[in-house]
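The values are calculated or read from the model by the stated rules, or taken from the named source; none is laboratory data. Computed from a predicted structure; not experimentally measured. Please note: Cβ atoms are built from the backbone with ideal geometry, for glycine as well, and neighbour counts cover all protein chains shown.
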Amino acid sequence: MQSLIRRTLMSRMLLVWSLVLAATFVYTRPAMAEYGDVVINNYSDAAGMRPVVFAHWFHRVRFTCKVCHADLGFKFKAGGNQINMLKIIDGKYCGACHNGSIAWSVSNCNLCHSGKPGTPTQVHESTLQELATPAKATVTK
Ligand code: HEC
Ligand code: HEC
Ligand code: HEC
């Protein structure tokens, strides 16, 4: 009897903990940028938007280099592409995919403009420096 009660309590606690953990994963990502992320800030700060954080690895595991660096014409240089919203909405650069069909659309401003204001264009080389501000926007198609 005693051990049955103890076991029931244990599994309750495990359940509670797994819920807490799940919630943590869902709601606190991404407080930090990952190694290799590219911060793009040629125009954002000046335009009153947060700098763009481009998660390179996140994209590299999904597409071959050729898709972006040959077909879409992204130059191999952080900040080297003079990207702006007109071009994106026109289907160029990020807009080739972030169009509501291949990936969520351009209306999710905060998902791309997620950097800390004032962060210069760079390839992010620290796993510790806080870079992104947690932007939990609801994703809309
Ligand atoms: C898919 C990613 C993405 C989304 C979504 C996005 N942007 Fe951008 N945006 C960029 C990139 C990349 C740049 C170039 C950043 C730079 O060089 O500073 C940029 C630049 C800008 C600029 C400065 C250049 C210009 O065109 O005037 C403004 C202002 C801007 N975005 C506003 C917005 C607003 C408002 C939204 C939501 C309606 C939005 N962006 C959504 C990626 C995005
Ligand atoms: C989804 C599109 C995409 C894919 C796929 C992709 N890249 Fe990139 N890459 C970018 C963008 C965007 C930038 C930043 C350009 C800018 O700031 O204007 C970049 C920047 C770079 C840079 C310069 C910055 C740095 O990290 O030194 C290199 C090098 C690079 N990419 C190599 C690669 C290689 C190698 C692959 C394949 C393994 C690859 N990329 C796949 C979009 C992509
Ligand atoms: C070749 C297609 C492609 C291009 C080009 C592309 N993306 Fe994406 N991106 C995707 C896909 C697919 C996802 C995953 C969408 C999903 O999970 O629904 C994604 C997700 C993201 C995310 C969320 C990453 C995360 O950790 O959840 C951000 C931020 C982002 N893209 C920004 C950009 C910016 C900024 C550019 C341009 C510099 C860009 N993307 C160019 C296809 C692309």
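Annotations
- Members of the stretch 73-93 that are hydrophobic (A, V, I, L, M, F, W, C), under 20 Å from the mean Cα position of the chain (by Cα) and more than 7 Å from ligand 2 (Cβ to nearest atom): MET85, ILE88, ILE89
- Residue match in the stretch 48-56 (condition: assigned to a strand (DSSP E or B), more than 9 Å from ligand 1 (Cβ to nearest atom) and not basic (Lys, Arg)): yes
- Filter result for LEU111 (modelled with pLDDT of 95 or more and within 9 Å of ligand 1 (Cβ to nearest atom)): yes
Condition check ((1) assigned to a loop (DSSP other than H, G, I, E, B); (2) more than 22 Å from PRO120 (Cα to Cα); (3) in contact (Cβ under 8 Å) with a residue 12 or more places away in the chain; (4) away from ligand 3 (no atom under 11 Å from the Cβ)) across all residues:
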position	(1), (2), (3), (4)
LYS66	no, yes, no, no
HIS69	no, yes, no, no
LYS75	yes, no, no, yes
GLY80	yes, no, no, yes
ILE83	yes, no, yes, no
GLY91	yes, yes, no, no
SER101	yes, yes, no, no
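- Residue match in the stretch 10-31 (condition: under 24 Å from VAL123 (Cβ atoms), modelled with pLDDT under 70 and within 16 Å of ligand 1 (Cβ to nearest atom)): yes
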